Amino acid sequence: MNNSILKGSLLVALGASSYGMLTTFVKMAYDEGFTSYEVIFSQMILGMIGLIIINLLFVKAKSTSQIKPKSKSILKLIAAGTSLGLTSTFYYFAVEYIPVSIGIVLLMQSVWMGVFLEGIITKKKPSPNKIIAVIVILVGTVLATNMLFNRIELDWRGLGWGILAAISYTVTIYTSNTVSLHFHSLRRSLWMLVGGTLIATIIATPYLIDHFNLDIFKKWGLLLALFGTILPPILFTAGMPKINVGLGAIISSIELPVAVIMAYFLLNEVVNPYQWLGIGIILASVVMMNLPKRKKPGQIIK
């Protein structure tokens with residue numbers, strides 16, 4: 001396997017794992033009485049500040065001769081980055097109406113959406129390996145969330161927000177793979193997060209005018225920003241261009257096992273054998289998709 005693809009896969013896996021860890025911290029913030037709007041706003045604002053500092057420290061300014069093309073590219077990144085803010089916003093809205101397990105199942109629909117989107121873009125049918133991986137991951141998702149053995153109350157509002165979160169997550173995967181690739185990955189991350197912060201602020205502000213607990217910044221803000229809006233964009237924008245959209249969507253499913261494992265250790269949630277089986281299935285599928293292909297006689301593998 002090309003080392004670049006392997007490196008990209010690892011970066012995307014780490015980015016998705018960050019989102020998985022975020023889920024537990026969000027639950028803990030909710031338990032302390034903070035609202036979804038406070039969580040979203042603090043996560044985005046502190047994340048943007050963090051990325052500005054990282055860019056100032058690690059990215060050198062480029063020649064001013066590129067001002068015009070830069071301006072257009074920056075606007076594209078800001079527009080593309082709205083999907084970052086919308087993913088978190090839609091998902092947090094969803095779990096207000098449906099169990100978290102169902103919310104994760106809906107979010108994981110981004111796996112097949114990503115493969116489907118790649119097929120439309122490349123005008124090629126997904127490979128049998130990708131189709132099998134998608135099916136196996138969805139089966140593993142159902143097991144890992146314990147969906148089969150819980151009483152499920154479905155609210156159409158939660159279902160709607162959950163599907164929108166999956167679509168938005170798919171757009172994030174796609175834009176991380178395609179938009180303004182000539183920029184430094186840290187610069188791309190920053191401008192995308194500017195877009196995410198703008199849209200999240202527009203949505204949250206009307207609800208924060210009457211009530212906003214500033215303690216969210218000092219209690220959970222840094223953790224939420226680190227795992228929700230600093231590490232994932234950096235890792236995605238660095239890793240996604242090295243792989244294709246379909247593979248990126250499949251690898252991003254590692255978010256779910258990380259979320260379940262984190263909840264097991266930090267929230268003392270009970271994880272039954274079926275859930276562990278589902279986690280194992282998802283992890284095995286991701287690993288299988290990234291194993292080096294066997295060399296055929298006379299074939300040179302780069």
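At most 14 other Cβ atoms within 10 Å and a DSSP loop assignment: could you name the trypsin sites (Lys or Arg not before Pro) in segment 45-148 that fit?
Loop-located and lightly packed - K60, K62, K123, K124.
Post the alpha-carbon centroid distance, segment 103-135 to segment 158-226, in whole angstrom.
When both Cα centres are located, 23 Å separates them.
Go ahead and estimate [θ] at 222 nm for the chain from helices alone: -39,500 (n - 2.57) per DSSP H run with n ≥ 4, summed, over the residue count, rounded to 500.
For the chain, the value works out to -23500 deg cm²/dmol.
Efficiency by 1/(1 + (r/R0)^6): what FRET value for I132 and H211, r their Cβ-Cβ distance, R0 = 35 Å, to the nearest 0.05?
Details: r = 49 Å, r/R0 = 1.39.
According to the calculation, E is roughly 0.10.
Name the helices (complete DSSP H segments) of the chain with a Cα length along the long axis of 15 Å or more and a Kyte-Doolittle mean of at least -1.0, or state none. Before the final figure, lay out the partial values.
On the way: long enough: 3-31 (43 Å, 0.71); 36-58 (32 Å, 1.81); 67-94 (40 Å, 0.49); 110-122 (17 Å, 1.48); 128-144 (24 Å, 2.11); 156-178 (33 Å, 0.47); 185-208 (33 Å, 1.04); 255-266 (16 Å, 1.87); 273-289 (24 Å, 1.54).
Those that pass (Cα extent of 15 Å or more, hydropathy at least -1.0) are 3-31, 36-58, 67-94, 110-122, 128-144, 156-178, 185-208, 255-266, 273-289.
Rg/Rh for segment 140-244 to two decimals, with Rh computed the Kirkwood way over all alpha-carbon pairs.
1.04
With a/c under 1.5 counting as rounded, go ahead and sort segment 190-241 into rounded, prolate or oblate using the C-alpha gyration tensor (a ≥ b ≥ c being the square roots of the eigenvalues; past the cut-off, prolate if a/b is larger than b/c, else oblate).
oblate
Could you compute the longest span of the chain free of GluC sites (Glu not before Pro) located in DSSP loops and having at most 16 other Cβ atoms within 10 Å, not counting the site residues?
154-268
Return the distance in nm (one decimal) between the two label points of a simple spin-label model at L222 and A284, each offset 7 Å from Cα along Cα→Cβ.
4.1 nm
Which of rounded, prolate or oblate describes segment 159-302 when judged by the alpha-carbon gyration tensor and an a/c cut-off of 1.5?
Judged from the Cα gyration tensor, segment 159-302 comes out oblate (a/c at least 1.5, b/c at or above a/b).
Could you give the length gained on full extension between L10 and V59, defined as 0.36 nm per residue of separation minus the Cα-Cα distance, in nm?
15.4 nm
Given R₀ = 41 Å, FRET efficiency for D155-T201 by Cβ-Cβ distance, to 0.05?
0.95
Which of the pairs K124/K242; K27/K218; K7/K27; K27/K130 have their Cα atoms more than 21 Å apart in this structure?
K7/K27; K27/K130
Each value in this text was obtained by applying a stated rule to the coordinates, not by laboratory testing. Note that the structure is predicted; figures quoted are calculated from it, not measured. Virtual Cβ from ideal backbone geometry, glycine too; neighbours counted across all protein chains shown.
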